[in-house]
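The values are calculated or read from the model by the stated rules, or taken from the named source; none is laboratory data. All of these numbers come straight from a predicted model, not from anything done at the bench. When we count neighbours, we look across all protein chains shown, and the Cβ atoms used for this are built from the backbone with ideal geometry, even at glycine.
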Amino acid sequence: MNVPKALAVSKPNRIQQRRPWIRTETLVAWLFILPSMIGITVFVFVPAIRGLLLSFTNSDLLTRADFVGLQNYQKLIDDRQFWSSMGITIRYVLLNIPLQTAISLALAMLLTRLTSSNIIRGIIFLPYLLPMVMVTMIWLTLFDYEFGPINALLAALGIEKIGFLNQANIVPSLAWINTWRHVGYVSLLFFAGLQTIPKELYEASLIDGANEWQSFTKVTLPLLRPVTVFVLVTSVVGSFQVWDSVAVATNPSGGPGGASRVIFWYITNLAFTRFDMGYAATVAVALFAIILAVAMFQMWYFRANKSDLG
């Protein structure tokens with residue numbers, strides 16, 4: 001009896017149909033993913049689990065650690081320095097993110113309207129390629145009270161000099177340094193998002209009598225929501241972890257009057273100056289929980305899982 005070819009499915013093929021993970025293309029995909037998975041496991045997941053376990057101990061990295069239960073977390077609630085550092089960090093985030101996002105979006109709109117030059121895009125992106133340490137040192141020179149060119153220009157114009165690095169202005173200055181470095185990168189993200197918006201929608205809005213501002217608020221902003229969510233989530237997460245610019249711009253004690261003692265400064269100070277690794281891990285876990293909550297709130301508020309393009 002002849003079996004039709006359509007029904008003549010070999011046993012190996014039937015196995016592959018039942019188990020798609022053993023298909024050749026799937027195995028090749030896993031082969032390419034494997035190095036990244038190993039790296040993430042070794043350098044992210046394992047340290048994260050290790051840090052969580054350390055938060056329940058009194059480890060000092062030198063002697064044997066003892067399990068202390070929730071004692072570190074109880075201590076955290078009454079820790080004034082933790083709440084002070086978190087307040088400074090939140091202030092930094094609130095100064096950095098809105099300014100960075102607004103300037104980046106404005107630059108992206110200008111790039112879309114005025115030029116398509118790759119050279120100009122490269123120039124805008126260039127600060128992001130510089131190490132944060134170098135960027136901070138450049139701006140420290142510009143901000144210098146006595147010899148900095150900014151204050152020299154203000155003096156030449158008859159305007160009182162500004163102490164950019166004093167206790168009152170250190171956090172806004174650090175926020176500006178971060179904004180200047182990242183604004184080119186973020187603007188290119190917005191620029192890429194703008195290219196996905198159909199031109200017909202702008203033409204339709206003009207036919208309906210919408211002006212430029214109405215087209216921006218009713219067409220551009222809603223359709224840029226996926227990019228905006230990505231920018232805000234990643235920027236906020238990065239801003240909560242600010243440390244390198246603070247370490248370069250201020251002294252080891254946390255800047256003038258402790259004004260630059262951000263939360264990451266507090267964690268590193270606990271771990272590597274006081275050798276209180278157990279409590280430092282507790283503060284790090286608390287920071288992770290706060291960042292996770294903020295990121296989830298942003299994704300919920302901006303409806304990150306929905307698209308207006310339909």
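A few notes on this one:
- Residues of the stretch 34-82 classified as touching a helix residue (DSSP H, G or I) at 6+ places or on another chain (Cβ under 9 Å), β-branched (V, I, T) and within 20 Å of F272 (Cα to Cα), total: 1
- All of (1) aromatic (F, W, Y); (2) under 24 Å from G51 (Cα atoms); (3) without any contact (Cβ under 8 Å) to a residue 24 or more places away in the chain hold for W243 with one exception: (3).
- Pick from the stretch 49-75, criterion in contact (Cβ under 8 Å) with a residue 24 or more places away in the chain and within 25 Å of the chain's Cα centre (by Cα), ranking: surrounded by the fewest Cβ atoms within 10 Å (Cβ to Cβ): L52
- Candidate set: the stretch 202-255, residues that are among the hydroxyl-bearing types (S, T, Y) and part of a loop (DSSP other than H, G, I, E, B); chosen: the one surrounded by the most Cβ atoms within 10 Å (Cβ to Cβ): T250
Per-residue answers, yes or no, for (1) within 15 Å of V186 (Cβ to Cβ); (2) under 19 Å from the mean Cα position of the chain (by Cα); (3) of a type in the set (D, E); (4) modelled with pLDDT of 90 or more:
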residue	(1), (2), (3), (4)
I88	no, yes, no, yes
Y92	no, yes, no, yes
L95	no, yes, no, yes
I103	yes, yes, no, yes
L114	no, no, no, no
N118	no, no, no, no
L130	no, yes, no, yes
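- Qualifying positions in the stretch 188-201 - aliphatic (A, V, I, L, M) and not in a loop (DSSP other than H, G, I, E, B): L188, L189, A192, L194, L201
- Any hit, the stretch 143-157, residues being under 26 Å from S235 (Cα atoms), in a helix (DSSP H, G or I) and within 21 Å of the chain's Cα centre (by Cα): no
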